[in-house]
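Since the structure comes first, as C-alpha cells, the remarks are kept for the end.
The values are calculated or read from the model by the stated rules, or taken from the named source; none is laboratory data. Owing to the predicted nature of the structure, the values given are computational and were not obtained by experimental measurement. Every residue, glycine as well, gets a Cβ built from its backbone with ideal geometry; the counts of neighbours run over all protein chains shown. Just so you know, the surface numbers come from the protein's heavy atoms only, side chains and all, with ligands and any DNA or RNA stripped out. Shrake-Rupley method; radii C 1.70, N 1.55, O 1.52, S 1.80 Å.
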Amino acid sequence: MADSASILFNPRTYDPEHFDPETRRQLRATIDWFEARGKRRLIEDYRSRAWLGDFLDFAAREGLFATFLTPASAAGKDDQRWDTARIAALNEIFGFYGLDYWYAWQVTILGLGPVWQSDNAEARARAAELLAQGEVFAFGLSEKTHGADIYSTDMLLTPDGDGGFLASGSKYYIGNGNAAGLVSVFGRRTDVEGPDGYVFFAADSRHEAYRLVKNVVDSSKYVSEFRLADYPVAPADILHTGRAAFDAALNTVNVGKFNLCTASIGICEHAMYEAVTHASNRILYGRPVTAFPHVRRELTDAYVRLVGMKLFSDRAVDYFRSAGPDDRRYLLFNPMTKMKVTTEGEKVIDLMWDVIAAKGFEKDNYFAQAAIEIRGLPKLEGTVHVNLALILKFLRNHLLNPVDYPAVPTRLDAADDAFLFQQGPARGLGSVRFHDWRTAFDAYADVPNVARFREQADALCTFVETAAPDEEQSRDLDLLLAVGQLFALVVHGQLILEQARLTGLDEELLDELFAVLVRDFSTHAVELHGKDSATEDQQSWALGAVRRPVVDADRSTRIWERVEALSGAYEMGQ
C-alpha cells in the first residue's frame, strides 16, 4: 500500500532510482542547489523580482538544459536526449521551488521546438552549442495585437535581394526575450500571399537590430516585448517556410504545453506540506484545526485531487513517449494535462487556502506565491476554453468508436522521444482513434465509487448518441464547454485508473478519489442543465446523470490519517 509520503515528492527522501545514473545525479543536484539556497533567499528573490542569473549559472555548470533538452540527433554526449519522463520530473522539481525557475526552462523548451523540427543542420548545430554554453532560448510567436493568432502575424520579412530578408515587427509576451541566445521567431514574407508566406527564423537577442522594449509582467520571469527593426535574416537563419512553419508553431505548443501539468503538481506538493503542517499545529477553541470535520474533508479532497493529478500526468507521459504516425492519442491527453490537471491544481490550492486562511498571505511562506502562480498555468499555452474546445474534437471517437491498440507500457526507459519533432501536419484531429476506455474501469468494477462514476460515464455515451448538441447548438460554445467538462472527467478517470493498475495503488485511496470525481461530474451536469440553450431532453439527461458518491466514513478517516501524516514531513530550511 502506498503511503502519503511515497506518493508526493519530498526532497528529503527523493531518489529517482528508475532513471539512469546521470539523470539521477542531475535531478538530485538541482534539489540540493535549491535546498542550500534556502527558503528565505528563495522567497526574497521572488518578492524582489530578481533575474535568475544564479540559477542559470548553476544550470550551465551542471549542463542541465543541454543534457535534458538536446535530442539524440543533435547530441554531443551520451546522456543527452529528449526524454519526456525525466523532463516531467524536472518540471515537478522546478514547480516545487518556484514557478519562475520553471518558466525560464519552459520557454527554452518552446524556443527549441522549431529548431529541433527543422532540417537546417547549421541552425541545429548552433542551438546544440548554445545549450552546451548554458544559454536559454525564446519562442517569438505571440503579438500584442493578435495574441497567438498566427494567421495574423505582423512580423514582416522583406526580401533583401541576396536570398535573405530584413525582418521588422514586434513580439509580445515572449519569455527569456531579454537573454536568449536564440529566439525562434514566426513571421510572414511581404512578397508571398497566404500560408506559403509563413517563415520561422532564428534571431539573437544580442543583435543591434533586436530591441528589447520591456518586461510586461511584474515578476522575475522576464516576459518580454521586443521589436526587430530591419533585422538581417540570412538563409542560414531560416528554420521553416510555408505550411511547415505553421505546423512547427502548433507542434511546438504540443510539446511545450505538456510541461504545465507537472509544474502545477510541484507547486501543490510544496504548498500541501506547509498547509497540513500549519493546520495540524494550529489551536482554535482549544482544539487543533484538523479536529474540525470540514477541515478534514477539505484537506482530504485536496490530497486525493493531487494524487489524481500525479496519476494522470504520469500515465500521459507513456502515451507521449509511445506516440507515432499511427498512434496520436497523445493529442487528446496533451490538452487534458494542460487544462484538466492545471485547473485541478487551482482547486487543490483553494481547498488548502480555505483551511489556513490568513496564513496563506504571509510573506515568509511558500504558499503565498503558490496561490498566485497556480493561477497562471491554466491560462498559459492556450486558455482553458481553447483546450476544452480542442478536447471536444475527440469526444465521439473516444467514447463510441474504440479500436485495438497494443498495450502501452510504463515508459521510464532512457530513450529519445524523436517523434515529438516529427509530428507532421497539424491537422486531422477528428480522425484520431483510441483504445476502449471501459477496460480501465472494468478492472476496478468492485471499487464502489469507480462503479458509481462508471454509471455517469456510460450516461455521457447515451447523451452523445441521443441528445448531442444539434447544428445550431454546436455554435453555442458556452453549452459545448459544459459538455467538454463532462468528457474531460471521463478521460481523467480513465488514465488515473490505468496508472493505478500499473503502480499498484491501493483501492481505498482510489475509492476516495473517485468519490470526488462523482461529485464533480454531478456539478457539471447541473451546470449543463442550467445552460440557456439546453433542450428539455438535455435538461432531463443532466439531472438523471447526477449521482451521490458512496460514503464510507471509515475509509475517509483512514485516508485522512495519511494526510495528517504529512505534518512535519518536509519543511524547507532557512
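Among the protein heavy atoms, those of Trp51 account for about 100 Å² of accessible surface (1.4 Å probe, every chain in place). Hydrodynamic analysis of region 388-428 uses the Kirkwood radius over alpha carbon pairs. Inserted into Stokes-Einstein at 20 °C and 1.002 mPa s, it gives a translational diffusion coefficient of 158 µm²/s.
With K and R counted +1 and D and E -1, the other residues having a Cβ less than 14 Å from that of Gly530 yield a net charge of -4.
The slack between Leu502 and Ile372, meaning 0.36 nm per residue of separation minus the straight C-alpha distance, is 43.4 nm.
Inter-label distance, Ala451 to Ser219: 4.6 nm, where each label sits 7 Å from its Cα along the C-beta direction. Ranked by the mean number of other Cβ atoms within 10 Å of their residues, highest first, the peptides 546-552, 240-246 come out as 240-246, 546-552. Taking the protein heavy atoms of the chain in the context of the full set of protein chains, the accessible area attributed to carbon and sulfur is 49 percent at 1.4 Å. Per residue, the accessible area of region 323-463 comes to 40 Å² when a 1.4 Å probe rolls over the protein heavy atoms.
Starting from 0.36 nm per residue, how many nanometres of slack lie between Arg61 and Glu536 once their C-alpha separation is accounted for?
Values: separation 475, 0.36 × 475 = 171.00 nm, distance 6.41 nm.
Result: 164.6 nm gained on full extension.
Taking the Cα centroid of region 388-443 and of region 227-273, what is the distance between the two, rounded to the nearest whole Å? So the separation of the two Cα centres works out to 22 Å. The label point for Lys363 and the one for Val546, both projected 7 Å from the Cα toward the Cβ, are 4.7 nm apart.
Taking 0.36 nm per residue of separation and subtracting the Cα-Cα distance, full extension of the segment from Asn401 to Arg475 would add 24.2 nm.
Angle, helix 342-356 long axis vs. longest principal axis of the chain, Cα atoms, 0 to 90°, nearest 10? Relative to the chain, helix 342-356 is tipped by roughly 50 degrees.
Extending 7 Å from Cα along the Cβ direction at Phe292 and again at Lys77 yields two label points whose distance is 5.2 nm. Charge tally around Val199: other residues with Cβ under 9 Å, Lys/Arg +1 each, Asp/Glu -1 each, net +2.
So if we plug the beta-carbon distance of Asp149 and Arg12 into 1/(1 + (r/R0)^6) with R0 = 60 Å, what FRET efficiency do we get, rounded to 0.05?
For R0 = 60 Å, the calculated efficiency reads 0.85.
How big is the gap, in Å, between the Cα center of region 1-74 and the Cα center of region 284-352? So the two Cα centres are separated by 22 Å. Mark the label point 7 Å from the Cα of Val192 along Cα→Cβ and return the residues of region 138-169 whose backbone N is within less than 17 Å of it. The answer is 151-168, whose backbone nitrogens lie closer than 17 Å to the label point.
A probe of 1.4 angstrom, applied to the heavy atoms of all protein chains, finds His524 with accessible area near 30 square angstrom.
Phi-derived couplings, Karplus 6.51 cos²θ - 1.76 cosθ + 1.60 at θ = phi - 60°, listed residue by residue for region 553-559: 4, 5, 4, 4, 5, 5, 5 Hz, with x used for Gly and Pro.
Beta bridges per DSSP, both residues in region 150-268: antiparallel share near 95 percent. Tell me the Kirkwood hydrodynamic radius of region 98-170 in angstroms, computed as one over the mean inverse distance between distinct C-alpha pairs. Computed over region 98-170, the radius equals 14.3 Å.
Taking 10 °C and 1.306 mPa s as the conditions, I'd like the Stokes-Einstein D for region 350-428 in µm²/s, using the Kirkwood hydrodynamic radius from alpha carbon pairs. Answer from the Stokes-Einstein relation: 90 µm²/s. Helix 259-281 and the longest principal axis of the C-alpha atoms of the chain enclose an angle of approximately 40°. Against the chain, whose longest principal axis comes from its Cα atoms, helix 99-116 is set at around 50 degrees.
With all pairs of separate Cα atoms included, region 14-131 yields a Kirkwood hydrodynamic radius of 15.1 Å. Solvent-accessible surface of region 90-196, taken per residue with a 1.4 Å probe and all protein chains present: 34 Å². Residues whose amide H lies under 5 Å from that of Gly175, counting only those 5 or more places away or on a different chain, are Phe139, Ser224; hydrogens are built 1.01 Å from N in the peptide plane. Each of Glu507, Glu269 has its accessible area taken with a 1.4 Å probe; listed largest first, they run Glu507, Glu269. Panel values: region 230-316, Kirkwood radius from alpha carbon pairs, Stokes-Einstein at 37 °C and 0.692 mPa s, translational diffusion coefficient 192 µm²/s.
Taking only DSSP H segments of four or more residues, each worth -39500 (n - 2.57), what value at 222 nm results for the chain once the sum is divided by all its residues, to the nearest 500 deg cm²/dmol?
So the helix-based figure for the chain works out to -16500 deg cm²/dmol.
P(r) tail, region 121-209: Cα-Cα pairs separated by more than 15 Å, 61% of all pairs.
Percent antiparallel among DSSP beta bridges with both residues in region 129-190, to the nearest 5?
45
Converting phi to 3J(HN,Hα) with the Karplus coefficients 6.51, -1.76 and 1.60 and the offset θ = phi - 60°, region 294-308 yields 5, 5, 4, 5, 5, 5, 5, 4, 4, 5, 5, 4, 5, 4, x Hz in sequence order, with x at every glycine or proline.
For the pairs Lys338/Lys359; Lys257/Lys310; Lys39/Lys359; Lys214/Lys338; Lys39/Lys257, flag any whose C-alpha to C-alpha distance is greater than 25 Å. Going by Cα-Cα distance, Lys338/Lys359; Lys214/Lys338; Lys39/Lys257 fall outside the 25 Å limit.
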